[in-house]
Amino acid sequence: MRLQTLAAFIAAACLSGTVQAEVTQSDASSFTLAQRIIVIADQPASFQALLHPEHWWKQEHTWSGSAGNLSLDPRAGGCWCERWSGGQVEHARVLFLRNGSMLRLQGGFGPMQAMAVTGVLEFQLTPGKDGTQIDLSYRVTGAGSSKLDAMAPLADQMFQQQMASLKALLDAQGRAARQ
């Protein structure tokens with residue numbers, strides 16, 4: 001399994017070139033992902049963009065087929081929801097928010113929503129001299145029968161796509177702000 005994880009990491013790194021990503025732990029009942037991007041935008045702008053997944057989340061990873069149906073209510077207990085004609089889904093719930101520097105959510109994304117698992121997704125933002133570092137961690141636990149070690153590379157790849165999209169948005173915003 002480690003070899004498959006390494007191969008997925010290398011393939012994703014070659015495709016995106018912008019996201020440092022790793023499955024740091026995985027077994028049948030849990031996994032942990034760690035990803036990092038460094039963006040040109042400053043920390044306040046990066047945090048504000050993070051709070052609007054409708055602008056950076058890939059539509060292929062929505063239930064409705066449109067990222068424009070996503071919203072995030074940035075307060076404790078707030079919903080990262082998706083609403084469309086004929087349906088709605090709660091992707092995650094805000095557990096902790098420190099304006100400008102941290103967002104922690106609880107939720108099972110994609111097929112994990114239907115599984116008896118708990119997922120905690122965390123974004124930490126740190127200012128740098130030329131922009132902002134954004135670290136993502138996603139920790140998922142459940143019963144051994146969940147076979148989460150098989151889900152880990154898929155979740156890692158999906159979050160790599162999201163982080164690459166967020167980076168593209170923030171780099172464009174950062175370049176525009178510097179002009």
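Residues to consider are G128, G174; find the one that is at pLDDT below 95 and surrounded by 16 or more Cβ atoms within 10 Å (Cβ to Cβ).
Answer to the selection: G174.
Looking only at the stretch 83-116, count every residue that is more than 24 Å from A45 (Cβ to Cβ) and of a type outside the set (K, R) and tell me the total.
Number satisfying all stated conditions: 18.
Quick one: would you say W80 is at pLDDT 95 or above, in contact with a Ser or Thr (Cβ under 8 Å, 6 or more places away or on another chain) and within 16 Å of I134 (Cβ to Cβ)?
no
Checking the structure you have, find out if any residue of the stretch 60-77 is in contact with a His (Cβ under 8 Å, 6 or more places away or on another chain) and either closer than 16 Å to T18 by Cβ or acidic (D, E) (or both).
no
Suppose we keep only residues that are among the hydroxyl-bearing types (S, T, Y) and more than 21 Å from F47 (Cα to Cα) within the stretch 144-171. Which one would you say is surrounded by the most Cβ atoms within 10 Å (Cβ to Cβ)?
S146
State which residue is modelled with the lowest pLDDT when the search covers only the stretch 6-39 and only residues that are of a type in the set (A, V, I, L, M, F, W, C) and loosely packed, with under 14 Cβ neighbours inside 10 Å.
Only one residue tops the list, namely L6.
Could you tell me which numbered condition D42 fails, if it satisfies all but one of (1) of a type outside the set (S, T, Y); (2) surrounded by fewer than 17 Cβ atoms within 10 Å (Cβ to Cβ); (3) in contact (Cβ under 8 Å) with a residue 60 or more places away in the chain; (4) over 17 Å from Q161 (Cα atoms)?
(2)
Looking only at the stretch 56-78, decide whether some residue is β-branched (V, I, T), without any contact (Cβ under 8 Å) to a residue 60 or more places away in the chain and crowded, with 17+ Cβ neighbours inside 10 Å.
yes
Filter the stretch 72-97 for residues that are under 15 Å from the mean Cα position of the chain (by Cα) and closer than 16 Å to Q162 by Cβ and give the result.
Selection gives L72, W80, H91, A92.
Keeping to the stretch 131-167, report how many residues are without any contact (Cβ under 8 Å) to a residue 60 or more places away in the chain and either in contact with a Ser or Thr (Cβ under 8 Å, 6 or more places away or on another chain) or of a type in the set (D, E) (or both).
0
The values are calculated or read from the model by the stated rules, or taken from the named source; none is laboratory data. Since the structure is predicted, the reported quantities are computational estimates derived from the model, not experimental observations. Neighbour counts are summed over all protein chains in view; Cβ atoms, including those assigned to glycine, are modelled from backbone coordinates with ideal geometry.
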